[in-house]
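A.B. asks: Input: one structure, supplied below.
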Amino acid sequence: MYTYTKITDLKDMLEKSGDEFGEKIAYKIRSEKDQYQTFTHKDVREMINCLGTALYDMGLKGKRIAVIGENRYEWEIAYLSIVCGVGTVVPLDKSLPENELSDLIKRSEVEAIFYTKKYEEMLEKIKYKGIGKLKHLISMDLHQHKEGIYSQKELIDKGRNLILRGNDEFINAKINNKEMNIMLFTSGTTSASKVVALSHFNICSNLMDIASILEVNSDDVFLSFLPLHHVFECTVGFLFALYKGAQTVFCDGPKHITENMKEYKVSVMASVPAIYERIFKSIRKNLEKQGKLEEILKKEEEYINASMEEKKKVFSEIHDMLGGNVKLLISGAASLERSIEERYRKLGLNLVQGYGLTETSPVVAMRNFRKLQTRFHSEKQYQV
């Protein structure tokens, strides 16, 4: 349905999208109230190369390296630095208790782990107990290293100096796109988490297929909310945004979703049904407070056969509650109630439902929204 850039691996994706969208903003981070820090796609790719070079210099070529923490750009930089030429990335669930985290570190045989401040004490215990092969702790928060702990920021600076001195091992690293480079743990039907092995080929084929179905471009702003260790958010919310040269902003938490959508003028979001139900209840509550609910319900029926663009104008006050820029809302990871999907569309909000599995990187099927109509019988399901 839509044209897309062909890519063979994630390194190829970063190079091609970086060449095309280098000057566009990749991340916008609130540093203080009403103040923001931005990184361009060119900045992002430079940080990946620098960090990857430093990891090479640490002797981590071909090793397994974990990442754990809240959604933030440092998590994404670490993930891509590992997977684009160093070794195998192991994204870990940030909600795990110490005993389960310890077990996965041992089972995955990781030799290094990137983490946020919340996990420092826990990981120091695991490392000094000599569990598994863990040797290196790398903090996303430290500005300078301290005893036994590296600073991700400092490693990026170190890698930059190595590159200036001619070290191009990481930059020139070749990718075997059929080899396992991503190791995921998923909750299984038995007590132990199952391992899913994914390759660059798996992820990139999914990125291209999604791009052929969804109309997303470099002017879009993605809100990152779902945990990044989950393959749905990782592929659709993180890697897809970089592939399309779009901008990513990070949510402050479930209670702040509508507030963040308005603050950052979000146009694309991938989330779960419970979040879309929460957003819908928030909209309804605001309309009730304003005494406008009955008026909106009447308009819904009056404009039931209007185009999505017409509905967006008719229900502009509702769109303004979400920042006025929403183009695409993607639901996955659980079944979305048909009534919720229909109500969003009645308001001119493009909510599409997808289906997938961790083992399929993850998207298998997704609704087409190119010619959305309110009546469900007129829609088609397209396999990705």
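A.B. asks: Sort out for me the helices (runs of 4 or more DSSP H) sitting completely within the stretch 1-116 that have 3 or more residues that are under 30 Å from ASN217 (Cα atoms) and touching a Phe, Trp or Tyr at 6+ places or on another chain (Cβ under 8 Å).
C.D. replies: Here the list reads 41-57, 73-83.
A.B. asks: Follow-up question, since we're still on this one. Out of all the residues in the stretch 160-183, which are among the charged types (D, E, K, R) and outside any loop (DSSP other than H, G, I, E, B)?
C.D. replies: Of everything in the stretch 160-183, just one residue is among the charged types (D, E, K, R) and outside any loop (DSSP other than H, G, I, E, B), namely ARG160.
A.B. asks: Which ones in the stretch 131-159 are in a loop (DSSP other than H, G, I, E, B) and either among the hydroxyl-bearing types (Ser, Thr, Tyr) or over 23 Å from ASP57 (Cα atoms) (or both)?
C.D. replies: Matches in the stretch 131-159: ILE131 only.
A.B. asks: Of all residues being surrounded by fewer than 24 Cβ atoms within 10 Å (Cβ to Cβ) and charged (D, E, K, R) in the stretch 75-97, which is farthest from CYS204 (Cα to Cα)? Just the residue, please.
C.D. replies: LYS94
A.B. asks: Select from the stretch 177-207 the residues that are more than 19 Å from PHE240 (Cα to Cα), in contact (Cβ under 8 Å) with a residue 12 or more places away in the chain and surrounded by fewer than 19 Cβ atoms within 10 Å (Cβ to Cβ) and list them in ascending order.
C.D. replies: Listed by number, the residues that qualify are LYS178, GLU179, MET180, THR186, SER193, VAL195, ALA197.
A.B. asks: Output the number of residues of the stretch 216-235 satisfying the condition of being acidic (Asp, Glu), buried (at least 17 other Cβ atoms within 10 Å of the Cβ) and assigned to a loop (DSSP other than H, G, I, E, B).
C.D. replies: Result for the stretch 216-235: 1.
A.B. asks: Output yes when any residue across the stretch 220-242 is touching a Ser or Thr at 6+ places or on another chain (Cβ under 6 Å) and charged (D, E, K, R), and no when none is.
C.D. replies: yes
A.B. asks: Just the residues that are within 24 Å of ASN325 (Cα to Cα), in contact with a strand residue (DSSP E or B) (Cβ under 7 Å, 6 or more places away or on another chain) and surrounded by fewer than 18 Cβ atoms within 10 Å (Cβ to Cβ), please, taken from the stretch 338-369.
C.D. replies: ASN368
A.B. asks: Has the stretch 137-156 got at least one residue that is over 30 Å from ILE175 (Cα atoms), surrounded by 18 or more Cβ atoms within 10 Å (Cβ to Cβ) and of a type in the set (Phe, Trp, Tyr)?
C.D. replies: So far as the stretch 137-156 goes, no, none of its residues is over 30 Å from ILE175 (Cα atoms), surrounded by 18 or more Cβ atoms within 10 Å (Cβ to Cβ) and of a type in the set (Phe, Trp, Tyr).
A.B. asks: Would you tally the residues in the stretch 82-106 being within 18 Å of ALA197 (Cα to Cα) and touching a residue at least 60 places away in the same chain (Cβ under 8 Å)?
C.D. replies: The total comes to 12.
A.B. asks: Criterion first (of a type outside the set (Ser, Thr, Tyr), touching a strand residue (DSSP E or B) at 6+ places or on another chain (Cβ under 8 Å), assigned to a helix (DSSP H, G or I) and modelled with pLDDT of 95 or more) does PHE238 satisfy it?
C.D. replies: The answer is yes for PHE238.
A.B. asks: Let me ask another. Only residues that are over 15 Å from LEU349 (Cα atoms) and hydroxyl-bearing (Ser, Thr, Tyr): list them for the stretch 250-281, please.
C.D. replies: Within the stretch 250-281, just TYR264 meets the criteria.
The values are calculated or read from the model by the stated rules, or taken from the named source; none is laboratory data. These numbers come from a predicted model, not from an experiment. Cβ atoms come from the backbone with ideal geometry, glycine included; neighbour counts cover every protein chain shown.
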